[in-house]
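J.: What follows is a structure written as structure tokens; I'll ask about it next.
The numbers here are math on the coordinates, done by the rules we state, and not lab data. Because the structure is a prediction, the values reported are computed rather than measured. A quick note on method: Cβ atoms are made from the backbone with ideal geometry, for glycine too, and the neighbour counts reach across all protein chains shown.
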Amino acid sequence: MKVILRIALSATLLGAILLSTGCQTSKGVLSNLDNPFSDPTLNPSNFYVDAEKIDAVRRVVMMPVHAPNVGLTSEHDIDDQFLSKLTATQLFEVVFLPREDLTRRFGKRSFSSAEPISDSVFQYVKETANADAIAFFDITAYQPFQPIKVGVRGKLILIPEQEVIWAVDEIFDAHSKSISKAAMRYEKKHLTRFATSQQNDTILMSPIRFTGYAAERSILSLPENSLSRNF
């Protein structure tokens, strides 16, 4: 059974949501705290989610990850990490908008979740993909050398209303023992898909894999879906 909770947010994230939505209340769920692969103390604490509105979303367009502090050669790998984690929730169909298409249409390789998004972007996505919402992700911090640190900010915005129905803002720092241990457990869970990985600590030397861990932890703040392998 899903439980609706009030979520405590930082003043910055809450202020951004209220400015973009005009809302004065927030509600969400974190029923995925009980999933067998999670340590409840490591789930994102700085997030907002409207489970009822997300439940009505059928198709989402994911924008390329905004990562100005990451090299161009890593952009597509990071896009793949977030796309696979968002798709794995099985909450909705996910369609990716390639950077090349975005550049041709709007002259930009990505949009930040923190910048104002013009009506033309929402109109283009609605007309070309018939989507209900757009997912934006940012890499807000990126330290690719040990100890690896990755910051993730994400938003899911309804297209007609341009209303934020999910937002998360977290930093994942491998210098923290709890984070590094959780990352190694993540690597072990996904070991069969990491054919070259022989040791659990490999993820602590791979910024792309660690970004995958950060992406999954952040996206787990979406509502629970029993069909997903992550929940």
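J.: Here are some pairs, K85/K177; K85/K188; K149/K181; K53/K155; K53/K126; K53/K108; which of them have Cα atoms lying more than 21 Å apart in this structure? Don't skip to the answer; put the middle values down first.
T.: Working: K85/K177 24 Å; K85/K188 16 Å; K149/K181 14 Å; K53/K155 14 Å; K53/K126 18 Å; K53/K108 29 Å.
Exceeds cut-off: K85/K177; K53/K108.
J.: Let me ask another. How much FRET efficiency would the formula 1/(1 + (r/R0)^6) give for R58 and K189, where r is the Cβ-Cβ distance and R0 is 25 Å, rounded to 0.05? Intermediate results must be reported in sequence, preceding the final value.
T.: Working: r = 29 Å, r/R0 = 1.15.
So the FRET efficiency works out to roughly 0.30.
J.: Give the long-range amide H neighbours of I159: residues separated by 5 or more places, or on another chain, with amide H under 5 Å away, using H modelled in the peptide plane at 1.01 Å from N.
T.: Here the answer is A133, I134, since their amide H atoms fall under 5 Å of that of I159.
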